[in-house]
Amino acid sequence: MNPKVTIQPLTKELFKEAVELVLKAGLDTKEEIEHHLKHIDAHYVALDKDSVIGIIGWYQDDMNYAADAMGDKFPGVEVYWIGFFAVDDKYRGKGIGYALLNKLEKAIKEKGAKELWVSSVPETKNYYQRQGFEMLMQGKIGDNPKIFCVKKIT
Ligand SMILES: CC(C)(COP(=O)(O)OP(=O)(O)OC[C@H]1O[C@@H](n2cnc3c(N)ncnc32)[C@H](O)[C@@H]1OP(=O)(O)O)[C@@H](O)C(=O)NCCC(=O)NCCS
């Protein structure tokens, strides 16, 4: 990773820029992105000088978002899931995603987490497997195909 790139907690000052980045990555609507990013202390950003070039966050699934799709494999509402995770397309493939994931794992470990879960589009399956995740199952949330993966936090 370029040594000029730093990882730090999201701040109110960087909120708007972070929303724009997730929007540009096409991960959700502006309203949903703003709603989730309001949990500022659950998000970390990658900065190149002062510009937001990456973001990652965690959430707990107290809305049972994945429960229907996962059935009896649903891990419950206490576990931590990867929320929005994106790196600006000009900066991809340089290890910034890896650094953000690493930061997230450390942060949730401090909260007592033993596992990190992710539900994502099937295209990201190989990426997560290479990052040490095990694919547990496939399913659909609404009409959208999803993979469900988990990684042990050591
Ligand atoms: C998924 C995503 C966040 C990954 O970010 P990234 O910064 O490109 O991730 P990394 O650089 O850590 O890893 C990407 C690849 O670069 C490689 N890489 C890591 N460090 C590297 C380095 N220093 N130099 C070159 N390549 C490197 C990794 O090995 C990885 O290769 P692989 O996919 O063959 O395993 C990014 O692709 C993205 O924003 N995608 C669109 C949004 C999305 O799908 N988000 C996930 C939804 S949950």
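Things to note:
- Which numbered condition residue 44 misses (of (1) closer than 18 Å to residue 112 by Cβ; (2) buried (at least 17 other Cβ atoms within 10 Å of the Cβ)): (1)
- The set of residues in the stretch 59-81 that are out of contact with any helix residue (DSSP H, G or I) (no Cβ under 7 Å at 6 or more places or on another chain) and surrounded by 14 or more Cβ atoms within 10 Å (Cβ to Cβ) comprises 60, 61, 65, 66, 67, 69, 70, 75, 79, 81.
- Annotation: of all residues in the stretch 52-78 being aromatic (Phe, Trp, Tyr) and in contact (Cβ under 8 Å) with a residue 24 or more places away in the chain, the one that is farthest from residue 98 (Cα to Cα) is 65.
- Subset of the stretch 125-152 that is surrounded by fewer than 16 Cβ atoms within 10 Å (Cβ to Cβ) and part of a loop (DSSP other than H, G, I, E, B) - its residue that is modelled with the highest pLDDT: 132
- If the condition is being more than 15 Å from the ligand (Cβ to nearest atom) and assigned to a loop (DSSP other than H, G, I, E, B), then the stretch 69-124 contributes 74, 75, 76, 77, 78, 79, 111, 112, 113, 114.
- Contacts under 8 angstrom Cβ, first residue in the stretch 104-125 being in contact (Cβ under 8 Å) with a residue 60 or more places away in the chain, partner of a type in the set (Val, Ile, Thr) and surrounded by 18 or more Cβ atoms within 10 Å (Cβ to Cβ), 6 or more apart: 104/56; 104/82
- Taking the listed residues 56, 7, the one that is of a type outside the set (S, T, N, Q), within 16 Å of the ligand (Cβ to nearest atom) and surrounded by 20 or more Cβ atoms within 10 Å (Cβ to Cβ) is 56, with no other qualifying.
- Given (1) touching a residue at least 60 places away in the same chain (Cβ under 8 Å); (2) part of a helix (DSSP H, G or I), index of the condition residue 7 fails: (2)
- Flag if residue 49 is more than 10 Å from the ligand (Cβ to nearest atom), surrounded by fewer than 17 Cβ atoms within 10 Å (Cβ to Cβ) and touching a residue at least 40 places away in the same chain (Cβ under 8 Å): yes
- Flag for residue 91 being at pLDDT 95 or above and under 14 Å from the mean Cα position of the chain (by Cα): no
The values are calculated or read from the model by the stated rules, or taken from the named source; none is laboratory data. Quick caveat, the model's predicted, so the values are computed rather than measured. Don't worry about glycine lacking a Cβ; one is built from the backbone with ideal geometry, like all the others, and counts go over all protein chains shown.
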